[in-house]
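So the structure is just underneath, and the comments pick up after that.
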Amino acid sequence: MLLTLDVGNTNITLGVYAGDTLRFVSRMATNPPRMEDQYAADLLAILKLYGVEPEEITGAIMSSVVPGLTAPLTRAVRRVRNVEPLIVSTETVPDLKVRRDMPNTLGADLIVGAVAAKALCDGPCIVIDMGTATTLTGLNAEGEVCGVVIIPGVGTSLDALTSRAAQLSAVGLQAPPYVLGRNTMECIQSGMIFGTACMLDGLCDRIEEELGAKCSVIATGGLAGMVVAHCRREVRLSDTLLLDGLKLIWDRYGAA
C-alpha cells in the first residue's frame, strides 16, 4: 500500500492506496505544529481507524508547502513504517516542463495538481486549487506549466474582512438565495461565493486568451464544490486530485 500526504497551510490531507484504489482520505490540522512523535501517533491512529496495518505500507510520498513540517513528518513516517517518503519537487518530477522565470520555485501542490490534470485532461487545461490560497495553473497543449495565478482563498478573504470591519461578524460560507443580499450575512455570502465564481470565470477567460486555446478546467480544494457550482463555464470537480497526482508521481518515479 502507498501512503500519500499533501501538506498544506491549513490541513494535512492523507490517503492510502491499495493498488489503484484509494482506501480512505483523512485530514489533520496543520497548526499548531507538533513534534514528530505526535505526528507519528496521529498517523498510527488514523491508519488504525481505517483498518490499515502499518506493515501493509510499502511506500510513501509527500508534497509540502510548509517547509518547517516536511522534516518532522518525514521522520514520523519513518517511525510508523520504516520507509523513506519521496518528497515532491521539480527535481523529483523532471518530466514536468515549467515555463517560468524560476521553474524550481513552483510549489509542490501545484506540481502535483499539474501532473494529475495532465492525466485527466486531453489538451490545454486550467487547474483551480481552492485552499488557504486559491491558485489557477495554466497548462498548454504540450502539458507545460505556463504560469500561475495566486489570490487569497475564500476563507482567508472572509477572515480578513470580518476581522477588520467592526460591524461585520463571522458568517457561514454558503450561497445565499439572491446575488443582492437582503441582510448583512447574505451580502457577505454573495460576495464570497458569487464574487469568487465570477472571478474564476474571468481569470479562466484571460488564461485561455494567453494560451491561445480553449481549456478544460478542473477544480479541487475544500470550498471548490460550493463555489464552482456557480461558475458560468463548465468546471470538473475532483476532491482527490492532489492525492491522485501523488499516486501518479509515485508510480512513475518512486515505485522502482
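The values are calculated or read from the model by the stated rules, or taken from the named source; none is laboratory data. No experiment lies behind these values; they were computed from the predicted model shown. Cβ coordinates were reconstructed from backbone atoms using ideal geometry, including for glycine residues, and neighbour counts include every protein chain displayed. Note: areas computed on protein heavy atoms with side chains; ligands, DNA, RNA excluded. Shrake-Rupley method; radii C 1.70, N 1.55, O 1.52, S 1.80 Å.
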query: Ignoring ligands, DNA and RNA, what accessible area per residue does the chain give at 1.4 Å, in Å²?
result: 50 Å²
field: P(r) weight above 21 Å for segment 168-235, C-alpha pairs, percent
entry: 31 percent
message: Probe radius 1.4 Å, ligands and nucleic acids ignored: give me the carbon and sulfur share of the accessible area of segment 61-123 as a rounded percent.
response: 48 percent
message: Please report the spacing between the Cα centers of segment 91-162 and segment 200-242 in Å, no decimals.
response: 12 Å
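Eight or more residues apart or on different chains, and alpha-carbon atoms under 25 Å: count the Lys pairs in the chain matching that. Let's see the in-between values first.
Details: 48/247; 97/118; 97/214; 97/247; 118/214; 118/247.
Final tally of qualifying lysine pairs is 6.
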For segment 209-256, projected area of the alpha-carbon convex hull averaged over all directions, nm²: 4.7 nm²
- prompt: Longest segment of the chain with no GluC sites (Glu not before Pro) in a DSSP loop having at most 10 other Cβ atoms within 10 Å?
  reply: 92-233
statement: Beyond 15 Å, the calculated P(r) of segment 9-105 holds a percent of Cα-Cα pairs equal to 65 percent
message: If the elastic network links every pair of Cα atoms under 10 Å, which of 31, 140, 183 fluctuates the most in the Gaussian network model of the chain?
response: 183
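Remind me, relative contact order of the chain in percent, using alpha carbon pairs under 8 angstrom and six or more residues apart? Before the final figure, lay out each step's value.
Working: 436 pairs, mean separation 44.3, N = 256.
Normalised by residue count, the contact order of the chain is 17 percent.
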field: Note, ³J(HN,Hα) from phi for segment 96-108, Karplus 6.51, -1.76, 1.60, rounded to Hz, x at Gly and Pro
entry: 7, 8, 10, 9, 10, 4, 10, x, 6, 8, 5, x, 4
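Compute the projected area of the convex hull of the Cα atoms of segment 164-204, averaged over all viewing directions, and report it in nm² to one decimal place. Can you show the working numbers first?
Working: hull surface 13.5 nm².
Answer in nm², one decimal: 3.4.
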- prompt: Who wins for biggest fluctuation among 65, 179, 115 in a Gaussian network model of the chain, springs between alpha carbons below 10 Å?
  reply: 179
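Compute the Rg/Rh shape ratio of the chain: radius of gyration over Kirkwood radius, all on alpha-carbon atoms.
On the way: Rg = 19.1 Å, Rh = 19.3 Å.
Using only Cα positions, Rg/Rh for the chain is 0.99.
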- prompt: For segment 96-207, what D do you get in µm² per second when you plug the Kirkwood radius from alpha-carbon pairs into Stokes-Einstein at 37 °C and 0.692 mPa s?
  reply: 210 µm²/s
- prompt: What is the log10 of I(q)/I(0) for segment 59-141, computed with the Debye formula using one identical point scatterer on each Cα and no solvent, at q = 0.12, 0.27 Å⁻¹?
  reply: -0.41, -1.36
task: Give the cysteines in the chain for which no other Cys Cβ lies under 4.7 Å away, or write none if there are none.
output: 146, 187, 198, 204, 215, 231
